[in-house]
1. Place +1 on the Cβ of every Lys and Arg and -1 on the Cβ of every Asp and Glu in the chain, take the dipole about the Cα centre, and give the residue among GLY16, LEU92, PHE130 whose Cα lies farthest towards its positive end.
2. From the backbone phi of segment 58-64, what are the Karplus-calculated ³J(HN,Hα) couplings (6.51 cos²θ - 1.76 cosθ + 1.60, θ = phi - 60°) in whole Hz, Gly and Pro given as x?
3. When N is the residue count of segment 7-48, what does its C-alpha Rg come to as a fraction of 2.2 N^0.38 Å?
4. Please give the per residue volume of the convex hull enclosing the alpha carbon atoms of segment 72-112, rounded to a whole number of Å³.
5. Radius of gyration and Dmax for segment 33-103's Cα atoms, expressed in Å?
6. Compute the relative contact order of the chain as a whole-number percentage, counting only Cα pairs closer than 8 Å that sit 6 or more residues apart in sequence.
7. Roughly how big is the chain's charge dipole about its Cα centre, with Cβ charges of +1 (Lys, Arg) and -1 (Asp, Glu), in debye to the nearest 20?
8. If you take the charge dipole of the chain about its Cα centre, with +1 on Lys and Arg Cβ and -1 on Asp and Glu Cβ, which of THR33, MET57, VAL43 is farthest toward its positive end?
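Each reported figure results from applying straightforward, stated rules to the coordinates on display, with no laboratory input. In this text the structure is predicted, and so the values were computed from the model without any measurement. Using ideal geometry, Cβ is built from the backbone for each residue, glycine included, and neighbour counts are taken over all protein chains shown.
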Amino acid sequence: MVRVYKPGKVAIVLNGRQAGKKVVVIKQLDDGTKERPYAHAIVAGIERYPRKVTRRMGAKKLKYRNKVKPFVKAVNYSHLFPTRYALELENLKGTVSAETFKEPSQRQDAKKTIKKLFEERYQSGKNKWFFQPLRF
């Protein structure tokens with residue numbers, strides 16, 4: 001079987017609370033684990049996208065509108081839709097592992113680091129398509 005979900009690959013979540021949201025695959029587990037005996041991927045995505053900004057807005061308003069709310073989740077392959085795009089975030093691979101989901105404080109720490117990485121990427125202006133919500 002061809003490995004579609006490689007680390008860095010962008011996908012779209014199809015089911016659940018984050019349906020229609022873009023995610024980046026951090027780690028793929030084709031054989032599953034003891035807790036999750038099915039093929040799944042650990043993903044990081046954007047729960048709340050940054051809002052539109054204009055030239056007239058002040059610095060304070062820009063600061064609030066440029067915020068990103070991330071989420072971290074283990075998603076079954078059947079609930080992911082692969083895209084042709086990839087997102088290179090070198091620091092993202094070490095932030096989340098299978099043990100992250102066992103302890104809530106570890107999950108919060110992972111979300112904070114992912115938020116910082118996503119916001120830096122958004123501020124730099126790279127991968128603008130990733131930070132815009134799907135229109136459907």
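1. Towards the positive end, the residue furthest out is PHE130.
2. Once rounded to whole Hz, the list reads x, 5, 5, 5, 4, 4, 6.
3. 1.19
4. Cα-based convex hull of segment 72-112, divided per residue, equals 86 Å³.
5. When restricted to Cα atoms, segment 33-103 yields Rg and Dmax of 16.5, 54 Å.
6. 26 percent
7. The calculated dipole for the chain is roughly 1100 debye.
8. Checking the options against the dipole of the chain, the answer is MET57.
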